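Enquirer: Before I ask anything, let me first share the structure, which is written out below as structure tokens.
The values are calculated or read from the model by the stated rules, or taken from the named source; none is laboratory data. Nothing here was measured: the structure is a model prediction, and the numbers come from that model. Heads up, the Cβs are rebuilt from the backbone with ideal geometry, glycines too, and the neighbour counts pull from every protein chain shown.
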Amino acid sequence: MKQKTLMVMASCGAVLTLLGLSLDSGRDSRSAWSQASELIFPNLPGRLDTADTLVIESAMGTTTLTRSGEDWTVMERGGFPGRGDEVGRLLVALAEATRVEPLTSKPELHGLLGLGGFDDEASPTVRLTARGGSDVLADIFIGSRRTQGIGEGWYVLDPGSDQAWAAQAKLRCPRQTSEWLQTEVMDIARDRIAGVNLEDAAGEVLELGRLDADGAGFAIQNLPQGREPKTPISAGGFLGSLAGLRITDVQPESSAGFPEEGTTTTIWRTFGGLWIRAELAEQAEDKLLARFTFGYDAQASPQPAPGPVLVPEAGEEDPLPTPEELQAEVKALNAATQGWIFTLPSWKKASFVTTMEELLQPLVDETDAEEQAAPVPVPAPETPVIEIPIPEEEEILEEEVLEEEVVEDGEVDDDGR
């Protein structure tokens, strides 16, 4: 059978399956049509401001967000700040969700709509429950996104019911707990960084100083004698390490604990006196754990020693924050990060961890250096060999016979013979 025919049959089969889901509803649940175009949760619009809990259940686990004042936190991450904007969007979507068309009421067909439950880890099924105090404001299973119809739609199922529906609503719902976290933990612009100090697990210290206020990287300030850096400007990635820094996960330090061995300590210093200390531990699967401490050094120079001094023009504010502003910044950053162990993206490792050796030209072994420096002997030109062809024995005999024949014919040679 030709491939084109198979594709046509497969497409027809898919259409008939979806059509069957709809026709099944028409035969067995005709009364359901009376609910079409109605709000799924008609009482929710007037009670949105009372919602204080949102629970997301899926094959990937459970995520519980709770509200305190205007802030939402993630219970499974020890109360770390959650994405309140995403919670608000989803609550409004539930309040506006309407039923479009009743589909199948046969549980064995629910999987075709992404409503097969949580047994399969790849299942898209999500159960979304919104509560206000002890009251359940909304509770629904959400399956696959609907590909037909006008506007965004999803397949949904009421808990305790076998009747599946096509619904019109913006019910996109993340399934992983980490997707509900407030991921940006700090934003320290690259132009504020004056220097970086690193100390690895073996106690080796690397000191980096910015070449000038607008420089693209650092100079190694404690360069070992006799060694050279790979490039004139080193570790440029460390300038932007803390700019818009986002995490991939977080755990309370009280429950997770931070590794005691094999850690690197990296300290960034800013123009003006703010310093940021990060303790870093590399884990399996390229995970990088981090915990942060912030402080203010009033004795720090507000400008780098080398390079031009930044002088604000008339009407332009001083680009450096005041000591009072820096102290307030330290307080806010410590409040946001103290007691937490963060997981950083694996690609961030290169701008958080490095060693002196990684920034230097490789050492050359003395023996190898001597061999490389020793002159290479040039071989004397060979004397060309000229090959003279030697006639074979048969040819020599033949010539002798011919000479003898000439003598026998009566000719006299030089000797008179």
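The rows are residues; the columns are (1) modelled with pLDDT of 60 or more; (2) out of contact with any helix residue (DSSP H, G or I) (no Cβ under 7 Å at 6 or more places or on another chain); (3) not assigned by TED's automatic domain parsing to the domain that holds D286.
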{"position": "E329", "(1), (2), (3)": "yes, yes, no"}
{"position": "A332", "(1), (2), (3)": "yes, yes, no"}
{"position": "W347", "(1), (2), (3)": "yes, yes, no"}
{"position": "T354", "(1), (2), (3)": "yes, yes, no"}
{"position": "D368", "(1), (2), (3)": "no, yes, yes"}
{"position": "E382", "(1), (2), (3)": "yes, yes, yes"}
{"position": "V385", "(1), (2), (3)": "no, yes, yes"}
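Enquirer: A further question follows. Mind listing whichever residues of segment 46-79 are farther than 26 Å from S123 by Cα, crowded, with 21+ Cβ neighbours inside 10 Å and in contact with a Pro (Cβ under 9 Å, 6 or more places away or on another chain)?
Expert: Passing the criteria: only W72.
Enquirer: When you scan segment 121-138, do you find a residue that is buried (at least 21 other Cβ atoms within 10 Å of the Cβ), under 30 Å from Q251 (Cβ atoms), among the polar types (S, T, N, Q) and not assigned by TED's automatic domain parsing to the domain that holds D249, even just one?
Expert: Yes, some residue in segment 121-138 is buried (at least 21 other Cβ atoms within 10 Å of the Cβ), under 30 Å from Q251 (Cβ atoms), among the polar types (S, T, N, Q) and not assigned by TED's automatic domain parsing to the domain that holds D249.
Enquirer: Now for a different question. Of everything in segment 109-120 that's out of contact with any helix residue (DSSP H, G or I) (no Cβ under 6 Å at 6 or more places or on another chain) and among the small types (G, A, S), which residue is surrounded by the most Cβ atoms within 10 Å (Cβ to Cβ)?
Expert: Only one residue fits best here, namely G114.
Enquirer: Going through A305, A213 one at a time, which residue ends up being loosely packed, with under 11 Cβ neighbours inside 10 Å, modelled with pLDDT under 95 and in a loop (DSSP other than H, G, I, E, B)? Break it down stepwise before answering.
Expert: Numbers: A213 fails: loosely packed, with under 11 Cβ neighbours inside 10 Å.
The unique qualifying residue is A305.
Each row is one residue, and each column tells you yes or no for (1) surrounded by 14 or more Cβ atoms within 10 Å (Cβ to Cβ); (2) in contact with a Leu (Cβ under 8 Å, 6 or more places away or on another chain).
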position: G217; (1), (2): yes, yes
position: K230; (1), (2): no, yes
position: G236; (1), (2): yes, no
position: G244; (1), (2): no, no
position: I247; (1), (2): yes, yes
position: S254; (1), (2): no, no
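Enquirer: For segment 95-108, what are the residues that are surrounded by fewer than 22 Cβ atoms within 10 Å (Cβ to Cβ), touching an Asp or Glu at 6+ places or on another chain (Cβ under 7 Å) and either polar (S, T, N, Q) or in a helix (DSSP H, G or I) (or both)?
Expert: Within segment 95-108, T98, S105, P107 qualify.
Enquirer: Under 8 Å by Cβ, and 6 or more places apart or on different chains, what pairs join a residue from segment 233-244 that is without any contact (Cβ under 8 Å) to a residue 60 or more places away in the chain and part of a helix (DSSP H, G or I) with one that is among the aliphatic types (A, V, I, L, M) and surrounded by fewer than 21 Cβ atoms within 10 Å (Cβ to Cβ)?
Expert: G236/A216; L239/A216
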